[in-house]
1. Mind counting the residues in segment 124-152 that are part of a helix (DSSP H, G or I) and not aliphatic (A, V, I, L, M)?
2. Check segment 298-313 and report whether any residue there is surrounded by fewer than 21 Cβ atoms within 10 Å (Cβ to Cβ), under 21 Å from the mean Cα position of the chain (by Cα), away from ligand 1 (no atom under 16 Å from the Cβ) and not in a strand (DSSP E or B).
3. May I ask you to verify whether residue 78 is surrounded by 20 or more Cβ atoms within 10 Å (Cβ to Cβ), assigned by TED's automatic domain parsing to the domain that holds residue 111 and not charged (D, E, K, R)?
4. Does segment 127-143 contain at least one residue that is more than 16 Å from ligand 1 (Cβ to nearest atom), at positive phi, small (Gly, Ala, Ser) and assigned by TED's automatic domain parsing to the domain that holds residue 344?
5. Tell me whether segment 112-122 contains one or more residues that are within 24 Å of residue 348 (Cβ to Cβ) and part of a loop (DSSP other than H, G, I, E, B).
6. Considering only segment 324-341, state which residues are in contact with a Pro (Cβ under 8 Å, 6 or more places away or on another chain), part of a loop (DSSP other than H, G, I, E, B) and surrounded by fewer than 24 Cβ atoms within 10 Å (Cβ to Cβ).
7. Which of (1) more than 16 Å from ligand 1 (Cβ to nearest atom); (2) surrounded by fewer than 22 Cβ atoms within 10 Å (Cβ to Cβ) does residue 349 not meet, given it meets every other one?
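The values are calculated or read from the model by the stated rules, or taken from the named source; none is laboratory data. Quick caveat, the model's predicted, so the values are computed rather than measured. Cβ atoms come from the backbone with ideal geometry, glycine included; neighbour counts cover every protein chain shown.
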Amino acid sequence: MDLIQIRRELHEIPEIGFQEFKTQSYLKTIIGNMASERIELVEWRTGLAVKVSGSAPRKTIGWRTDIDGLPISEETGLPFASRHEGFMHACGHDIHMTVALGLLELLVEHPLDNDAVILFQPAEEGPGGAQPFLEWLETERPDLLPDELFALHIAPELPVGTVATKPGLLFANTSELFIDLRGKGGHAAYPHQTRDMAVAAAALLMQLQTIVSRNVDPMDSAVLTIGKLSAGTVQNIIAERARLEGTIRTLTPESMASVKKRVESLCRSIEEGYECRVSIDYGANYRQVDNDEQLAESFLRYAQDRSGIQAVRSKAAMTGEDFGYFTERLPALMFWAGAGSEFGLHHAKLAPDERLLSFMPEFLYDYFKLR
Ligand SMILES: [Zn+2]
Ligand SMILES: [Zn+2]
C-alpha cells in the first residue's frame, strides 16, 4: 500500500461529523483490497469497526482513529488540497486514518497472537462520535470492545519522530457555550422604551470573566473563553438580541459542573437586572482524556528504547478530545505524534509532515506485539 497516496486521496475528500460517506466508502475499498479471512468489517453509522483475528488470542488490543474533517477553507495551495469547497482535514485526521490503515495491513499480513480491533470513529470535531459509538459497541457488539485501546493525535509543533504523552490527565473537560439574550429593541433616541441587549451582553461578558478568577480554586485551573459576541442590527437601532459564543475547559468533571452552575446564576442575574430573557445551550461536551497509568508507562518505556524515536513526557493541555469517553470506560492511552508543521491544528495552512507515515504503523505494530 502506498500510504502517502492514500493520505493524499483522503485529504482531498474531507467531510464533517456523521457526513463521512465518501470517507467511509474509501476506507471500505482499501480494507476490501486486503482480502483476508481474518478480517471482519462492521459498519456503524459513517464509521467502521474492523476486527483482525489473532492466532492464539488472550485479549483484544484496540486502535482508534477519528475520520472527520472541519468546515475550514484550505489555504495550503498543495496539489492534493481539499476538493470539497469550504472543508478541510485541518486537524490531521487524514493522517490518523492512514496510520490506522497501515497498522491494519501489518496486522493482517503478520497476525498477532492477540485479536486486534481498529475503530474508525466519525464526528470527533462535533457533535461527538466516541460516546454513541462506545454505547453501540457495548450493547450490540461487545465482542468488538478492546481490552485496551490506543490512539494518537498529530502535534504540528513537535518534530517528526517525537511522541509525547503522560499518565493520567492529558486533555481537559470541554463544553461549548452559546448564550442568547432577548430584550426589546427600538429607536436609538428612546432607550427608556427598550431593553438594550448590547449593554446586557457587554455586562454578562465581563461578569463571566470573574468565574475563573473568583470562583475556581486557584490551585485548580479552568478556561472560559467567549470567542464571539454579536448584538443588534444597525447603528441607530437599540439591539433586541445578542449572542455570546464560547467554550469552557476544566481539569475535572466536578469543576465543569460548578463553572456551569455559576454561568447559569450570572445569566439569571442578567435577566433580572436587564429585564430580558437569557437562554444557554452547552452544545458539544467532551469528557477529559485520562490516560491509563500502566499503559502510559509501558508505552513511554517502549518508545524511549526505539531508535529514531524521541519519547517525551508531555504536560496536560486544555484542548479537548472525545477519546475521553473511551478512557472513562477502558484502559486507554492517547499520545501526541510529532508532525512538524509551521501552522497549528485547525489552521487553513496546516501541512503535517508525511514522513510520519514511513515509520508510525510499524512502530505501533511492534508495540502491539509486546502487549
Ligand atoms: Zn480538531
Ligand atoms: Zn483532531
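1. Of all residues in segment 124-152, those part of a helix (DSSP H, G or I) come to 130-140, 142-144.
Checking which are not aliphatic (A, V, I, L, M) leaves us with 131-133, 135-136, 138-140, 142-143.
Residues that pass the stated criteria total 10.
2. no
3. Details: surrounded by 20 or more Cβ atoms within 10 Å (Cβ to Cβ): no; assigned by TED's automatic domain parsing to the domain that holds residue 111: yes; not charged (D, E, K, R): yes.
In short, no.
4. Initially, segment 127-143 is screened for residues more than 16 Å from ligand 1 (Cβ to nearest atom), giving 131-143.
This time we only want the ones that are at positive phi, so: none.
No, there is no match, as no residue in segment 127-143 is more than 16 Å from ligand 1 (Cβ to nearest atom), at positive phi, small (Gly, Ala, Ser) and assigned by TED's automatic domain parsing to the domain that holds residue 344.
5. Yes.
6. Our first condition is that a residue be in contact with a Pro (Cβ under 8 Å, 6 or more places away or on another chain); within segment 324-341, this holds for 330, 338-341.
Among the residues that remain, those that are also part of a loop (DSSP other than H, G, I, E, B) are: 330, 339-341.
Correct list: 330, 340, 341.
7. (1)
Here's the yes/no breakdown for (1) crowded, with 20+ Cβ neighbours inside 10 Å; (2) hydroxyl-bearing (Ser, Thr, Tyr); (3) more than 12 Å from ligand 2 (Cβ to nearest atom); (4) more than 17 Å from residue 362 (Cα to Cα):
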position: 87; (1), (2), (3), (4): yes, no, yes, yes
position: 91; (1), (2), (3), (4): yes, no, no, yes
position: 97; (1), (2), (3), (4): yes, no, no, no
position: 132; (1), (2), (3), (4): no, no, yes, yes
position: 154; (1), (2), (3), (4): yes, no, no, no
